[in-house]
1. Out of the residues in region 365-374 that are more than 21 Å from the chain's Cα centre (by Cα) and in a helix (DSSP H, G or I), which is farthest from I149 (Cα to Cα)?
2. Residues to consider are A121, A192; find the one that is under 21 Å from P386 (Cα atoms), surrounded by 24 or more Cβ atoms within 10 Å (Cβ to Cβ) and among the aliphatic types (A, V, I, L, M).
3. Going residue by residue through region 258-273, is there one that turns out to be within 31 Å of the chain's Cα centre (by Cα), closer than 24 Å to A362 by Cα, open to solvent by 50 Å² or more (accessible area, probe 1.4 Å) and free of Cβ contacts under 8 Å to residues at least 40 places away in the same chain?
4. Could you list all residues from region 310-358 that are of a type in the set (G, A, S), open to solvent by 60 Å² or more (accessible area, probe 1.4 Å) and closer than 24 Å to L395 by Cβ?
5. Name the one entry in A237, A279, A223 that is under 28 Å from R317 (Cβ atoms) and not basic (K, R).
6. As an exercise: evaluate E226 against (1) open to solvent by less than 30 Å² (accessible area, probe 1.4 Å); (2) under 23 Å from W141 (Cβ atoms); (3) not aliphatic (A, V, I, L, M) and give the number of the one condition it does not meet.
7. In region 64-85, which residues are over 27 Å from A118 (Cα atoms) and modelled with pLDDT of 90 or more?
8. Can you name the residue in region 375-391 that is open to solvent by 30 Å² or more (accessible area, probe 1.4 Å) and under 22 Å from the mean Cα position of the chain (by Cα) and is also farthest from Q119 (Cα to Cα) among such residues?
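The values are calculated or read from the model by the stated rules, or taken from the named source; none is laboratory data. No experiment lies behind these values; they were computed from the predicted model shown. Ideal geometry is used to build each Cβ from the backbone, glycine not excepted, and the neighbour counts take in all protein chains shown. When the accessible area is computed, the model is the full protein with side chains, heavy atoms only, and any ligands, DNA or RNA have been set aside. Shrake-Rupley method; radii C 1.70, N 1.55, O 1.52, S 1.80 Å.
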Amino acid sequence: MRLLEPAQWRNAVVSLAVLGLIGTGVAFWLGGRPEQHLSEARRLLDDGEPAEALSWLDLPESSARTRDRALLLRARAAVEEGRPADAVAPLNNIEPAGPWGVEANYWKARVLFAARNAQLAAAWLHRVLEQRPNDTESLRWLAAASYEIGDWSSAVDALTQVTRLDPNDARAWRTLGLLYKEENRFENARFAYEASLQHVPGQPKVRLELAEVLIHLVRFSDAERELELCRGSVPEAERLNLLAQCVRARDDSAALHELLDSGLKSYPDHSGLLGQRAALAVSEGRFDEALPFLDRAITANPFVPQHHYQRALALFRAGREAEGQRDLARFQVLHKLTSTLSDQTRIANERPNDPQIRCQLADVALELDDINQAAYWYRAALGCDPQCETARAGLLALGARGERPAESAPGSILAFPGR
């Protein structure tokens, strides 16, 4: 056997070392590929491209080290593509007691929310929050789920916790403002709206909503300031209607005449402006002048109790007793319905698992011709019980009438986090 020369030996040793390094590098590269694919899938999801993200998940799912994380991303992609049913199998294949079990529970809640089972979604989110109590994203979705079933107090509690953990979250503050305003908790609403604007000043709709709250709080100068700041960026008829209330409060009759007459030239069928113009005529003792404005206001919106009451008074003053009694009776019916709606909303909030009280609220809203609110309460009933036939029939009846209600109650903008 021929021995290698010293130079040849050194070359052989170097070659073996190089081959070893190459082998190690290849092994390292192959081992790192699942992580790289996982990272790319996550990036695509963050960029709003769930379909593209799916093509990067097969390799990570084949590796034990990355499998559960890949299944979570697959479930997330299904939810974000509007296919919540396709997220069920990946989530069920994640070890519940493993390191990714809590995150899987979070996405189970998201799947249930997407499937409009808000009550079960809330239950899963509570489980997540037991282990991640400071998870602001879960708290936001808990607020959304709670609102969907008409459990406003739980929505407020969740959002209040969000603002404690993240005081700069303008969306959470704004949503709190809306909820407080709908519950007539105007001082709380003012604080929440002002906090939202402090962090993001460029929110004209928030300024409009804040102005409405300030009027309820008899802070008319502050309301006028907000209305001036949102001029040109909100529905002008609504802005003028609120501004007229501020002008009336400072007892400037000439300015109020000019504002209302100018507003009605541009928006001749706005019920609020018409009602205020009629009220101005009544305050000046011109009852005959008020009647045509009230007639137009009631034609524009027959469900405002105060307009029927004002017209009844004007008709009585004009000696038209029978017509006045008719309007007074209509006012009493509408006033009772609005009071019932308020009372039953409070009861629904106290009974977050009761679908029937929500169906009753929808029926009252329909009597007030408030299609959006009726649809909201029917959906809230289904959020409590997806098998509630009364709610299903109610929504089908709205569809048969050709109604296209908004996806949520009027004024609601519960801010869902992007993920």
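1. To start, the set of residues in region 365-374 that are more than 21 Å from the chain's Cα centre (by Cα) comprises 366-369.
When the remaining residues are screened for being in a helix (DSSP H, G or I), the result is 366-367.
Details: L366: 18, E367: 21 Å.
Filtering region 365-374 for residues that are more than 21 Å from the chain's Cα centre (by Cα) and in a helix (DSSP H, G or I), the one farthest from I149 (Cα to Cα) comes out as E367.
2. Working: A192 fails: under 21 Å from P386 (Cα atoms).
Testing whether each residue is under 21 Å from P386 (Cα atoms), surrounded by 24 or more Cβ atoms within 10 Å (Cβ to Cβ) and among the aliphatic types (A, V, I, L, M) leaves just A121.
3. no
4. Residue satisfying the conditions is S342 alone.
5. Details: A237 fails: under 28 Å from R317 (Cβ atoms); A223 fails: under 28 Å from R317 (Cβ atoms).
Within the list A237, A279, A223, the selection yields A279.
6. With (1) open to solvent by less than 30 Å² (accessible area, probe 1.4 Å); (2) under 23 Å from W141 (Cβ atoms); (3) not aliphatic (A, V, I, L, M) applied to E226, the lone miss is (2).
7. Pass one, region 64-85, residues over 27 Å from A118 (Cα atoms): 64-67.
Within region 64-85, R65, T66, R67 qualify.
8. As a first pass, look at region 375-391 and keep what is open to solvent by 30 Å² or more (accessible area, probe 1.4 Å): 379, 385-387, 389-390.
So of that shortlist, the ones also under 22 Å from the mean Cα position of the chain (by Cα) come out as 379, 385-386.
Numbers: R379: 12, D385: 8, P386: 9 Å.
Checking each candidate, the answer is R379.
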